[in-house]
Each structure stands twice: as C-alpha cells, then as structure tokens.
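The values are calculated or read from the model by the stated rules, or taken from the named source; none is laboratory data. Everything numeric in this text was worked out from a predicted model, so none of it was measured. Cβ: placed from backbone, ideal geometry, glycine included. Neighbour counts: every protein chain shown. SASA here: full protein model, heavy atoms, side chains in, ligands and nucleic acids out. Shrake-Rupley method; radii C 1.70, N 1.55, O 1.52, S 1.80 Å.
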Amino acid sequence: MGSILEQTSWIDKSCNVYVGELIEYDMRDGGFSIIQKEHLLPPEIIREFQAMGKTERHKAVGNLVHSYQRKYKHVPKQLIAYFKKYRLLFGEKNELKDEDIFYIRKDAICTKRYCYETKMDDFVEFREKNVYHVYMCWTPTYVDTGKIKPHALEFYWSHDTGRVDVKGLGDEYVSQHEQGLLRIVSMFMSYLYQLNYDGALRFIVGVMDAYKRGLGWKVGCEHPEYMYRRFDNPSMYRVLQNGVLMEVSELGESMIPQCEKIYNYRNMLLPMLQLVIR
C-alpha cells in the first residue's frame, strides 16, 4: 500500500477534535517553482511570469488551462503529478509515516510533528506556513429547503495568535465573522487547548442562552447583531419583515427580533455543545 502523500487531497477523519501541534508546510511559489525546475514552459514565458508579482503569477499559473490559445492546457495536469512527486520526496526526507500526517492539499502538507528537511532542491522548497494547536470539525445539519447541504467546516486555532482559520467557508466571507461567531469559536477552542472541558461546556451553554434571547453571546454584549450573521456562503443576515424573508448585508441591533437565528444555532453553537457533552 502506498503512502498517503500520493493523494492530492486527504484529511485525517479519525477525530473531530484534535489538541496538539499541527504544522502546515506549503510549497513556496508552488506551481511556478515546479514549472521552472521541470522546464514545463518555454524560457520566454517563464521570464514573463518571473516579472509578475506573486499574486499575479499565481493567478497566471492557475489560468494556464485557458491561456495562450490553450497551447499549454496540459501543464496544470503535469503539475498535479509533480506535486505528488515532491510531496513524496518531502515525506522521504523527513521520514514521515502516515500517522504523522494530518492533511494534504495539493502543495500543502500538515503534520503532527516538525519537519526540518524543507529544501528539496534549488527551486522547490517547502516553508512552515502555520502552526495550529487545536482543530475541530463538523458538517452542518440544518439545511434550507431546496438548498444544497453545506460543506464540512474545519477550524484551526493557534494559541500564539488566537486566530482561527476556517476551511469550508469562502475566504471572502470569513472576515465578516471575526467579531461575531469566530470570536466565540476562538474562545471555545482556547478552553479545549487547556483541556478544560467543563469550562468549555459552561461557556457554550451561556452563549447559547444569550443567543436565543437576542443578546448576542452574553448580557451587555457590544454589537450583539454580529452573532446573527449566517455562517454560510454568502454570510448575510436573514430578516422577516411584513411576512417577507429578506437577506441583508448589514443589520442594526434593533432588528435582532426579526432576524432568523436557527441556522447559526443548529449549525454552529449546537455542534460545539455536542463536542463537550460526549
């Protein structure tokens, strides 16, 4: 049986809570570093890409399948194979076993221990991108009528920064929840980090009580309305006015009584409660 590192996308599904260091490594300038190393494009196009800024270059590499009259549409498929080659090399150099790996995402590898052999050659190098200390995940169960079931949500929390990274919600929407539900998630995960499950239970029960009463996450909460922005794509508020259900991008505190609350309660708060009452 081959290594897990042969898979383009994989995550350890043996647990929905993990407390311990998780170190994410990703390939520096991933696709382009391989293009240079393996000469996947002509020198003149490589020089053109080199002159671009990092964001522009990343987008240009991703758009190869559509660019240059589709002359190089095969390159993205080649990259998938080379990502596999260098993931396996990374694993070999660092003597990684399958049980050391937490997830794989194309040119990113998250491990349960530090890896010190990160430079594969003069072009291809993995860098330590993030260090997390708590992970939790669940799949939302409350689905609007006629809507597609939401993606599984993954939360990665860093003790060093208190920041929560989220997988399963569009990056463009995550920041809209920083002063709302993500604040609660971060505080909840800090209890898990301390292995204080009783404290986590008391905390989330208190949050749920305040949330149901329209108080946000506690009595005297500043901007309680932030808690009622739906944790989904596109992260809008839903309010009922004159018998009509509307989606709005902003909501004042006075509108909380008209705001739909069940989505976040069922898909965000209840799963946290369930994690600490098992």
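Of note:
- The range 28-78, subset open to solvent by less than 90 Å² (accessible area, probe 1.4 Å) and of a type in the set (Ser, Thr, Tyr), residue nearest to residue 166 (Cα to Cα): 33
- Residue count for the range 149-169, restricted to those that are hydroxyl-bearing (Ser, Thr, Tyr) and open to solvent by less than 50 Å² (accessible area, probe 1.4 Å): 2
- Only one of 86, 25 that is within 22 Å of the chain's Cα centre (by Cα), at negative phi and open to solvent by less than 60 Å² (accessible area, probe 1.4 Å): 25
- Extreme residue, most open to solvent (accessible area, probe 1.4 Å), among residues of the range 125-148 that are at pLDDT below 95 and among the hydrophobic types (A, V, I, L, M, F, W, C): 148
- Those residues of the range 229-278 which are hydrophobic (A, V, I, L, M, F, W, C) and under 24 Å from the mean Cα position of the chain (by Cα), in sequence order: 231, 236, 262, 268, 269, 270, 272, 273, 275, 276
- The test for being assigned to a loop (DSSP other than H, G, I, E, B), open to solvent by 100 Å² or more (accessible area, probe 1.4 Å) and out of contact with any strand residue (DSSP E or B) (no Cβ under 7 Å at 6 or more places or on another chain) holds for residue 95.
- Selected residue (criterion: farthest from residue 144 (Cα to Cα)) from residues of the range 225-251 that are among the small types (Gly, Ala, Ser) and in contact with a Ser or Thr (Cβ under 9 Å, 6 or more places away or on another chain): 249
Here's the yes/no breakdown for (1) free of Cβ contacts under 8 Å to residues at least 40 places away in the same chain; (2) within 21 Å of residue 225 (Cα to Cα); (3) within 12 Å of the chain's Cα centre (by Cα):
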site: 134; (1), (2), (3): no, no, no
site: 145; (1), (2), (3): yes, no, no
site: 161; (1), (2), (3): yes, no, no
site: 182; (1), (2), (3): yes, yes, no
